[in-house]
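Structure first, then comments.
The values are calculated or read from the model by the stated rules, or taken from the named source; none is laboratory data. Predicted, not measured: the structure shown is a model, and the values here were computed from it. A quick note on method: Cβ atoms are made from the backbone with ideal geometry, for glycine too, and the neighbour counts reach across all protein chains shown. Accessible surface areas use protein heavy atoms only, side chains included; no ligands, DNA or RNA. Shrake-Rupley method; radii C 1.70, N 1.55, O 1.52, S 1.80 Å.
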Amino acid sequence: MSLGLERMASCFQGIIPAMFYTCSQDGTPNAAFLSHVDYVDATHVALSFQFFNKSRRNIAENPHAVVHLTDPDNAQGWALRLTYERSETSGPIFDRMFWRIEAIASYTGLKGIFKLLAADIYKVESVESVPEEDGQPDRQAPPLRAKPPDPVFTMKALQDLSMQINTADSLEHLLDSIVVGLKRHFNFSHSMIALAGEKPDTLVMIASRGYEQSGAGAEVHFGEGIIGLVAEAKKPIRISGLMRGMLHAYAAKRRAEEKGWCSDERRVPLPGLENPSSQLGVPLTVRGELIGVLCIESETPYRFHEEDKTSIELLGSYLAVAIQNMQLQDDEVEGSSGTVAGPPASATVESRVTRRELAYYRDEEVVMLDGEYLIRSLPARILWKLLQMRERDGRSEFTNRELRLDKSLNLPDFKDNLETRLLLLRRRLEEKGGGIRLVPKGRGRFALDVTGDLELVERD
Amino acid sequence: MIDEILAEFLQSGLGIHFGTRNEQLEPAGCRAAAVKVEGDGRHVVVYLPKAASPQVFGNLRTNGHAAVSMARPTDDRAVQLKGLMLFSWDAKPEEEHLARAQWNGFLGQLDAIGLPGAATSSWKIFPCVAVRIKVTAVFNQTPGPDAGGALS
């Protein structure tokens, strides 16, 4: 006979903490809060084992337990009578729980302390309603969370997004059409794409939608936040009830700090929404190679569903191939080779009176504009090169090909991702470059547009 | 056992859960509306919904062992008491008044973290049964590396 666990998906999202009842061998009961109970299959659930606490010791002595869950849709409480079966330290169940906890730990600066030691698997013997937590059959009162959204990853939406991004004729248009399409066809207002960076184990934010700051050029190290964790795991990570999880982790952090077990460093700033309730990170991989990560955020708890996993992975694979194809295409098909002479693109623009200083720090490979950080690494080297050519030769238009042939830029011989770096540079300049702009002039060609006077300074 | 500062926290309107067990050491539990710390700091009265599972009351009658877990939703600060039931009675009107005040405080905490307390309006928390417990141990239960450490 079915226990009905399959129909209790909303209870397993961690939106409302669960209560875990155990009993020691000497007959002392224990009641402990749990941040998350995971659905395993029709007869099993998994509980996270993070600390050697009393509940864990009790289970080692006496395998009987009860967990109370509350349905966030209608406030109905459920009592699951459990028997401990085994602990898993690897495999899909462990991985799913591990990466969710790692993401929360990353945001709260608790990596290494707030972590999953094992996924404890329990057989569910029975499911009964909790009599004092009677649900709302007529739903007259507000539900404990926002109404669940309709399933979002439909074939129709995937097809529509596919059609939209197929019309893109450049990497920039492709990335923009992805984040715009996610809003138009899936109603995801907040999304961002980070692509593999020049430095190993680093991603660089390249496109976003729905945020005050685009974040273009922001670096994300592997293992940091959901984007870094998805990159590290190369697996989709979905987090619901994020606010609850973070409250739980912050409580643990406070205790750890009091004990001197972790530093008082501020958490890694969360890219995007200040208080997201749901996050979905999708790895963009082609033949096992990580191209980047797509991250979607929502202020709605339980926005992304477990059953969407297949569609999400399909979407990630499709986008990864599309991005890589565009990167390769941009590399192969370029405009005319050689230099393009012409008047400076800014010639018709009214000059500013203010003279600004753009400094290139050679050792750090960092460009600062009027003392403020602008960009680093390869995009910084490219910008510096372009500005020098502009000043020395009076040039304003350039080609990708000449940059690719320029040995001083140290581009890799294979898969240099030059188009991606130029796009990153263009976006960073749009946001922080004042009057300095890169203006596309057809495939493989662009202009450097500088408004006003610029003093170039090179420093060690 | 329970000093004034801790008593103030415990009576501030927390999420309270009450654990028991039967003779086969199988646990059973329920939600509680409120807790009152007696002046000696060694006894508490826990207000349990009359509608709670009969197993909970049966276990109390049989062996009296109880665990009372209390947590503040806004920061997950939590404490657990262990003890033995001495006796129980139907809560009097003035006791229910006290219990409702604490329960409303808890609902306010839920509101503060974005879970509408009003959504629990269909729960059968009242009327209550008052259960007097002799406290035998107090533990810190705030999530973290030292959760489970004795407070007294």
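Has the range A:431-452 got at least one residue that is open to solvent by less than 40 Å² (accessible area, probe 1.4 Å), closer than 18 Å to A:LEU195 by Cα, among the aliphatic types (A, V, I, L, M) and within 31 Å of the chain's Cα centre (by Cα)? No, the range A:431-452 contains no residue that is open to solvent by less than 40 Å² (accessible area, probe 1.4 Å), closer than 18 Å to A:LEU195 by Cα, among the aliphatic types (A, V, I, L, M) and within 31 Å of the chain's Cα centre (by Cα).
For the range B:105-123, filtering for residues that are surrounded by 14 or more Cβ atoms within 10 Å (Cβ to Cβ) and away from chain A (no Cβ under 14 Å) leaves 1. Counting only strands (runs of 3 or more DSSP E) that sit wholly inside the range A:157-225, not one has at least 3 residues that are surrounded by fewer than 17 Cβ atoms within 10 Å (Cβ to Cβ). Please verify whether B:GLY83 is surrounded by 18 or more Cβ atoms within 10 Å (Cβ to Cβ) and small (Gly, Ala, Ser), treating the condition exactly as stated. Against the criterion (surrounded by 18 or more Cβ atoms within 10 Å (Cβ to Cβ) and small (Gly, Ala, Ser)), B:GLY83 qualifies. The single residue among B:ALA150, B:ALA99, B:ALA137 that is of a type in the set (A, V, I, L, M), under 27 Å from A:ASP71 (Cα atoms) and within 14 Å of chain A (Cβ to nearest Cβ) turns out to be B:ALA99.
Of all residue pairs spaced 6 or more apart or on separate chains, none has beta-carbon atoms under 8 Å together with a first member in the range B:53-71 that is more than 7 Å from chain A (Cβ to nearest Cβ) and a second member that is open to solvent by 20 Å² or more (accessible area, probe 1.4 Å) and assigned to a helix (DSSP H, G or I). Number of residues in the range B:51-80 that are closer than 20 Å to A:ALA79 by Cβ, in contact with a Ser or Thr (Cβ under 8 Å, 6 or more places away or on another chain) and open to solvent by 60 Å² or more (accessible area, probe 1.4 Å) equals 1.
Take the conditions (1) closer than 22 Å to A:LEU82 by Cα; (2) away from chain A (no Cβ under 11 Å); B:VAL45 misses just one of them, which is (1).
Somewhere in the range A:20-30, is a residue at the interface with another protein chain (Cβ under 8 Å from one of its Cβ atoms) and hydrophobic (A, V, I, L, M, F, W, C)? Checked the range A:20-30: at least one residue is at the interface with another protein chain (Cβ under 8 Å from one of its Cβ atoms) and hydrophobic (A, V, I, L, M, F, W, C).
Of A:ALA119, A:ALA65, A:ALA32, all but one fail to be free of Cβ contacts under 8 Å to residues at least 24 places away in the same chain and under 25 Å from B:ASP146 (Cβ atoms); the exception is A:ALA32.
Would you pick out the residues in the range A:35-60 that are closer than 17 Å to B:VAL68 by Cβ, facing chain B (nearest Cβ under 8 Å) and either without any contact (Cβ under 8 Å) to a residue 24 or more places away in the chain or open to solvent by less than 50 Å² (accessible area, probe 1.4 Å) (or both)? Outline the logic, then answer.
The initial filter retains those residues of the range A:35-60 that are closer than 17 Å to B:VAL68 by Cβ, namely A:53-55, A:58.
From what is left, the residues that are facing chain B (nearest Cβ under 8 Å) are A:53-54.
Listed by number, the list holds a single entry, A:ASN53.
In the range A:295-314, the count of residues that are open to solvent by less than 30 Å² (accessible area, probe 1.4 Å), within 26 Å of A:MET163 (Cβ to Cβ), at pLDDT below 75 and acidic (Asp, Glu) is one or more. A:ARG100 passes every criterion in (1) among the basic types (Lys, Arg); (2) surrounded by fewer than 19 Cβ atoms within 10 Å (Cβ to Cβ); (3) in contact with a helix residue (DSSP H, G or I) (Cβ under 9 Å, 6 or more places away or on another chain) apart from (2).
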